[in-house]
Amino acid sequence: MNKKILPYIILLAPALIGYLIFAIVPIFMSFYFSFTNFDGVKSVYDFIGFDNYVTAFQDDRFFYSVKVTLIITVISCCIINILALLLAMLLNMIRRGKGLFRFLVFYPQILSFVVVGFVWAYIYNYNSGVLNYVLQLFALDGLMMDWLGDQSIVLFSITFVIIWQSIGFYTVIYLAALQTVPSDVLEAATIDGAGRFQKFKTVIFPLLSSSFTINWILCFISGLKTYDVVKVMTDGGPGFTTETIAFNIISQAFVSNKQGYASALAMLLFVFIALLSLVQVLYLRKREVEA
């Protein structure tokens, strides 16, 4: 072995071994168990072929969880990218106190979804929550709602929390990209008579297209894996109203003791994310402009 690459192999080995044990091996084990009726408790189980996959495609609860996941993902990704870009542009223009404002925007990102979920579950509480208290204080009793108990709004209540917690991360990526936009290009556009909107449309946004691709794909994948905030705030309820794909998988595996069926759902989610990500990357790459 070449002595020059030996130090690199030694340095990379712990990370690669950990990735192999905690990521690659579980994927293959999940694929294996998806063809069995393994319940997670008994050591004896049978191979049942594609029965778990056939059951999944006949399961209304699974398709409803797909619908819930897509609603949360699409709404949150659209709003996050729009607001994150606007915040990044504002932060890029601020000269005084920019460190403080950047900290305030990024701060929710350092909190885990579990912590954020508990905090917002208290804020949303119908009887003792801060939100309804403030509405009552300003004589807006008509707007008071059971934010986590009303089936017509609970999904949007959770989506708002996801947006609030995540937006700082995506703002930082847009902010970093904004700072790489060449000033001479902007000056040339100004000399040519371009206004602010025209400069944004024809110069800034095309140069941010690679950042948009990164943000959109990361946001989309994160949305499709939504679990912890739902678990903490509603436990999938009321009924199955807020049950996402990830929540359904874990519920099937550890509540219903259907590890084999849950593994099949996990494989379907894996393929779902891979295909959607591939299609979006190929589409968004075509729109990118090299800076």
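The values are calculated or read from the model by the stated rules, or taken from the named source; none is laboratory data. As the structure is a prediction and not an experimental result, all values here were calculated from the model. With ideal geometry, Cβ positions are generated from the backbone for all residues, glycine too; neighbour counts draw on all protein chains shown. In case anyone asks, the SASA skips ligands and DNA or RNA and just uses the protein heavy atoms, side chains included. Shrake-Rupley method; radii C 1.70, N 1.55, O 1.52, S 1.80 Å.
Whether any residue in region 176-184 is surrounded by 18 or more Cβ atoms within 10 Å (Cβ to Cβ) and part of a helix (DSSP H, G or I) is what I want to check.
Yes, the conditions are met somewhere in region 176-184.
Just to be sure I understand the filter: pairs with C-beta atoms under 8 Å, separated by 6 or more residues or on different chains, first member in region 3-27 and within 23 Å of ALA274 (Cα to Cα), second member open to solvent by 100 Å² or more (accessible area, probe 1.4 Å). Which pairs pass?
From residues that are within 23 Å of ALA274 (Cα to Cα), the pairs are ILE27/PHE270.
Can you say whether TYR8 is within 20 Å of PHE270 (Cβ to Cβ) and surrounded by fewer than 16 Cβ atoms within 10 Å (Cβ to Cβ), as far as the supplied structure shows? Let's see the steps before the verdict.
Numbers: within 20 Å of PHE270 (Cβ to Cβ): no; surrounded by fewer than 16 Cβ atoms within 10 Å (Cβ to Cβ): yes.
So TYR8 fails the test.
Every residue, every condition in (1) open to solvent by 10 Å² or more (accessible area, probe 1.4 Å); (2) modelled with pLDDT under 90; (3) under 18 Å from PHE62 (Cα atoms), yes or no:
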| residue | (1), (2), (3) |
| --- | --- |
| LEU207 | yes, yes, no |
| THR226 | yes, no, yes |
| PHE240 | yes, yes, yes |
| GLU243 | no, no, yes |
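Select from region 142-161 the residues that are of a type in the set (Gly, Ala, Ser), loosely packed, with under 15 Cβ neighbours inside 10 Å and either out of contact with any Leu (no Cβ under 9 Å at 6 or more places or on another chain) or at pLDDT 90 or above (or both) and list them in ascending order.
SER152
Give me a count of the residues in region 127-141 that are assigned to a loop (DSSP other than H, G, I, E, B) and surrounded by 12 or more Cβ atoms within 10 Å (Cβ to Cβ).
Residues in region 127-141 being assigned to a loop (DSSP other than H, G, I, E, B) and surrounded by 12 or more Cβ atoms within 10 Å (Cβ to Cβ): 1 in total.
Can you say whether ILE273 is modelled with pLDDT under 90 and out of contact with any helix residue (DSSP H, G or I) (no Cβ under 6 Å at 6 or more places or on another chain), as far as the supplied structure shows?
For ILE273, the condition - modelled with pLDDT under 90 and out of contact with any helix residue (DSSP H, G or I) (no Cβ under 6 Å at 6 or more places or on another chain) - is not met.
Does ALA121 satisfy being closer than 23 Å to PHE212 by Cβ and touching a residue at least 40 places away in the same chain (Cβ under 8 Å)?
no
Hey, can you tell me all the residues within region 107-126 that are farther than 16 Å from THR234 by Cα and either open to solvent by less than 40 Å² (accessible area, probe 1.4 Å) or in a loop (DSSP other than H, G, I, E, B) (or both)?
PRO108, LEU111, SER112 - these are the residues of region 107-126 that are farther than 16 Å from THR234 by Cα and either open to solvent by less than 40 Å² (accessible area, probe 1.4 Å) or in a loop (DSSP other than H, G, I, E, B) (or both).
Take the conditions part of a loop (DSSP other than H, G, I, E, B), open to solvent by 60 Å² or more (accessible area, probe 1.4 Å) and in contact (Cβ under 8 Å) with a residue 60 or more places away in the chain and apply them to TYR64. Does it pass?
On the way: part of a loop (DSSP other than H, G, I, E, B): no; open to solvent by 60 Å² or more (accessible area, probe 1.4 Å): yes; in contact (Cβ under 8 Å) with a residue 60 or more places away in the chain: yes.
In short, no.
Go over the candidates ILE82, ILE123, ILE110 one by one and state the one that is touching a helix residue (DSSP H, G or I) at 6+ places or on another chain (Cβ under 6 Å) and within 21 Å of SER166 (Cβ to Cβ).
Just one listed residue meets the conditions, ILE123.
Please find, among VAL172, VAL154, the residue that is among the aliphatic types (A, V, I, L, M), touching a residue at least 40 places away in the same chain (Cβ under 8 Å) and within 21 Å of VAL230 (Cα to Cα).
Result: VAL154 is the single residue among VAL172, VAL154 that is among the aliphatic types (A, V, I, L, M), touching a residue at least 40 places away in the same chain (Cβ under 8 Å) and within 21 Å of VAL230 (Cα to Cα).
Residue-wise test of (1) within 26 Å of GLY223 (Cβ to Cβ); (2) not aliphatic (A, V, I, L, M).
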| position | (1), (2) |
| --- | --- |
| PHE31 | yes, yes |
| SER34 | yes, yes |
| GLY40 | no, yes |
| TYR45 | no, yes |
| TYR53 | yes, yes |
| ALA56 | yes, no |
| LEU87 | yes, no |
| MET93 | no, no |
| ARG96 | no, yes |
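A quick yes/no check of all residues on (1) in a loop (DSSP other than H, G, I, E, B); (2) in contact (Cβ under 8 Å) with a residue 60 or more places away in the chain; (3) among the polar types (S, T, N, Q); (4) closer than 17 Å to GLY117 by Cα:
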position	(1), (2), (3), (4)
ILE162	no, yes, no, yes
ILE167	no, yes, no, yes
ALA188	no, no, no, no
TRP216	no, yes, no, no
PHE220	no, yes, no, no
ASN248	no, yes, yes, no
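Taking region 28-61 on its own, how many of its residues are open to solvent by 100 Å² or more (accessible area, probe 1.4 Å), under 23 Å from ASN248 (Cβ atoms) and without any contact (Cβ under 8 Å) to a residue 12 or more places away in the chain?
Residues flagged as open to solvent by 100 Å² or more (accessible area, probe 1.4 Å), under 23 Å from ASN248 (Cβ atoms) and without any contact (Cβ under 8 Å) to a residue 12 or more places away in the chain within region 28-61 amount to 5.
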